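J.: Could you have a look at this structure, given as structure tokens, before my questions?
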Amino acid sequence: MDIDDITTISVLGAGNMGHGIAEVAAMAGYDVVLRDIEEELVQDGYEQIEWSLNKLAEKDQLTDEEAEAAIERITPLVDLEEAVSDADVVIEAVPEVMDIKKEVYTEIDEYAPEEAIFATNTSSLSITDLSEVTDRAEQFCGMHFFNPPVRMDLVEVVSGAHTSGETLDAIEDLAVAMDKTPVRVRKDVPGFIVNRILVPLMNEAAWLVEDDVASIAEVDSTTKFDIGLPMGSFELADYVGIDVGYHVLDYMNDELGQRYEPCPLMVEKVEAEQYGQKSGEGFYDYEDGDGADVP
Ligand code: 3HC
């Protein structure tokens, strides 16, 4: 499979990442299937794409016609077999849990065309382990987007132990066709490049508050104005989902050792289901408060 053979992309999972990836693929002119396990979840994702495309059109980053054409290229679906039966590339963005992902791959390996490439948007999990539940480990790699996909330029293209050069080339070309900048990650290590750096940063920020060194807003001000990141560490954790950061840390802790052990402050938030913006409350309050309150 090379880039010229790719016309249809199936995106599995319509959450923050899935719907954003589907949007970017549709904007690049691909026919896109957006799939989740319930009608309501697919509909939510679809509406968020509509919102985002309208926003881009309002800001003249897209014409109204381009926005309309992009949304028309997206077919929302729940049935998994139907969702992947015509796919040239499947981009999977289901929850960051190894067993859930393996279950999905075992199933779609039967339903998707033999030549289709499987690309996982996993934030940290082993590409090799995931690929080995399929009969197409050579056609399997990581394609890791960043939130929000429509705004973030980078895509990590991650090689598993069995991934062919042809597959990596095709997915890198696909990232370029989606107007992204791919970086190839040569080894299948937990957290790849970005999360290996970014998630420990969020964890260290949480330890500073846990140890009563500074408040959440003070740490965030420092992250933004001294270290120069576009968001504070806690704002970013709320934005990507504290549960996502927690799962990445937990996996890196298992695979790489205790220096990645999640801070109790993060664990408490995950246990209380306060994941950040998506649940209305995280380190900041997005329902009654004004969201992040960083000077
Ligand atoms: N589509 C369209 N518009 C969007 C949007 C989207 N998906 N998301 C936000 N916007 C709009 C907002 O509504 C706002 O509109 P308004 O001006 O009408 O109110 C506008 O964009 C804000 O854009 P600005 O450029 O003015 O704002 P910023 O300069 O603050 O940029 C940002 C926003 C690009 C999100 C920036 O804050 C940023 O880069 N943050 C860091 C994000 C980051 O690091 N992401 C990676 C996280 S790690 C990850 O995803 C990996 C995972 O595995 C954990």
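Since every read-out is calculated from the coordinates, none of them should be taken as a lab result. Given the structure is predicted, the values throughout are model-derived calculations rather than measurements. Using ideal geometry, Cβ is built from the backbone for each residue, glycine included, and neighbour counts are taken over all protein chains shown.
J.: Of Lys55/Lys180; Lys180/Lys224; Lys187/Lys278; Lys101/Lys269, which ones are farther than 30 Å apart at the Cα?
T.: Violating the 30 Å limit, Cα to Cα: Lys187/Lys278.
J.: I want the antiparallel fraction of DSSP beta bridges within the chain, as a percent rounded to 5.
T.: Restricted to the chain, the bridges split so that about 20 percent are antiparallel.
J.: Evaluate E = 1/(1 + (r/R0)^6) for Ala161 and Asp288, where r is the Cβ-Cβ distance and R0 equals 41 Å; express this FRET efficiency to the nearest 0.05.
T.: That pair, Ala161 with Asp288, gives E of 0.25.
J.: Can you work out the Karplus-derived ³J(HN,Hα) for every residue in the range 129-142? Use 6.51 cos²θ - 1.76 cosθ + 1.60 with θ = phi - 60°, whole Hz, and x for glycine or proline.
T.: 4, 5, 5, 6, 7, 10, 9, 9, 4, 6, 9, 9, 8, x
J.: Still on this structure: Averaging sequence separations of C-alpha pairs under 8 Å and six or more residues apart, then dividing by the length of the chain, give the relative contact order as a whole percent.
T.: This gives 14 percent for the chain.
J.: I'd like the orientation of helix 16-27 relative to the chain: the angle between its Cα long axis and the longest Cα principal axis, in ° from 0 to 90, rounded to 10.
T.: For 16-27 against the chain, the angle is about 40 degrees.
J.: Next question. Using square roots of five times the C-alpha gyration tensor eigenvalues, list the equivalent-ellipsoid semi-axes of the chain in whole Å, biggest first.
T.: Each semi-axis is √(5λ); the values are 31, 23, 17 Å.
J.: Given the DSSP H assignment, sum -39500 (n - 2.57) over each helix run of at least 4 residues in the chain and divide by its residue total; what's the result at 222 nm in deg cm²/dmol, nearest 500?
T.: -13500 deg cm²/dmol
J.: As I understand it, the value is the acute angle between the Cα axis of helix 194-210 and the longest principal axis of the Cα atoms of the chain; what does it come to in degrees, rounded to 10?
T.: That works out to roughly 20 degrees.
J.: Relative to the longest principal axis of the chain, what angle (0 to 90°, nearest 10) does the C-alpha long axis of helix 165-177 take?
T.: 70
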